[in-house]
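Only one structure is covered here, and it is reproduced in the block below.
Rule-based calculations on the coordinates, nothing more; no lab input. Keep in mind that what you see is a predicted model, and the values were worked out from it rather than measured. Here the Cβ positions follow ideal geometry from the backbone for every residue, glycine too, while neighbour counts run over all protein chains shown.
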Amino acid sequence: MSAVTLVNCFEVAPGREEEFLALWRQVNNYMRRKEGYLNHRLHRSLSPGARYRFVNIAQWASVEDFNAAHDHHFRAMVMKPEWAAFPSTPALYDVADEAEA
């Protein structure tokens with residue numbers, strides 16, 4: 001098993017940032033307690049016209065841990081009608097290339 005990275009881009013309309021963050025924090029507080037969760041960084045766009053205002057980068061110990069974390073309770077949280085206002089594009093990635101300064 002090798003670590004995987006979740007990249008999830010969220011469309012958030014201007015003026016709805018706090019509403020999104022409140023929902024996101026609920027889900028994140030649950031997910032970060034799941035086995036295999038390693039870390040995350042939620043990025044906010046500095047460009048006012050960006051399609052994706054927020055991008056979550058999270059690392060998981062394995063695909064299996066990631067899949068197991070997406071249980072009934074997780075699905076119940078993200079199926080709330082409030083989430084419909086914030087479309088997202090989640091996908092898992094592994095490293096294809098990297099460099100450091």
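Looking only at the range 78-101, which residues are part of a loop (DSSP other than H, G, I, E, B) and either free of Cβ contacts under 8 Å to residues at least 12 places away in the same chain or of a type in the set (S, T, N, Q) (or both)? Show your work before the answer.
Step one: list which residues in the range 78-101 are part of a loop (DSSP other than H, G, I, E, B), which gives 79-80, 86-87, 94-101.
Passing the criteria: Met79, Ala96, Asp97, Glu98, Ala99, Glu100, Ala101.
Does Leu6 meet the test of being in contact with a Pro (Cβ under 8 Å, 6 or more places away or on another chain) and either crowded, with 16+ Cβ neighbours inside 10 Å or not acidic (Asp, Glu) (or both)? Step through it out loud before you land on a result.
Details: in contact with a Pro (Cβ under 8 Å, 6 or more places away or on another chain): yes; either crowded, with 16+ Cβ neighbours inside 10 Å or not acidic (Asp, Glu) (or both): yes.
Yes, satisfied.
Table: residues versus (1) outside any helix (DSSP H, G or I); (2) in contact (Cβ under 8 Å) with a residue 40 or more places away in the chain; (3) out of contact with any strand residue (DSSP E or B) (no Cβ under 7 Å at 6 or more places or on another chain).
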{"site": "Leu21", "(1), (2), (3)": "no, no, yes"}
{"site": "Gln26", "(1), (2), (3)": "no, yes, yes"}
{"site": "Ser47", "(1), (2), (3)": "yes, no, yes"}
{"site": "Ala76", "(1), (2), (3)": "no, no, yes"}
- Message: Suppose we keep only residues that are of a type outside the set (Gly, Ala, Ser) and outside any loop (DSSP other than H, G, I, E, B) within the range 49-63. Which one would you say is surrounded by the most Cβ atoms within 10 Å (Cβ to Cβ)?
- Response: Trp60
- Query: How many of the residues making up the range 29-88 are of a type in the set (D, E, K, R), closer than 18 Å to Phe10 by Cα and over 13 Å from the mean Cα position of the chain (by Cα)?
  - Reply: 4
- Query: Does the range 77-94 hold any residues that are touching a Ser or Thr at 6+ places or on another chain (Cβ under 8 Å) and surrounded by 13 or more Cβ atoms within 10 Å (Cβ to Cβ), and which are they?
  - Reply: Leu92
- Message: Looking at Phe66, Phe74 in this structure, which one is surrounded by 14 or more Cβ atoms within 10 Å (Cβ to Cβ) and either farther than 18 Å from Val95 by Cβ or charged (D, E, K, R) (or both)?
- Response: Phe74
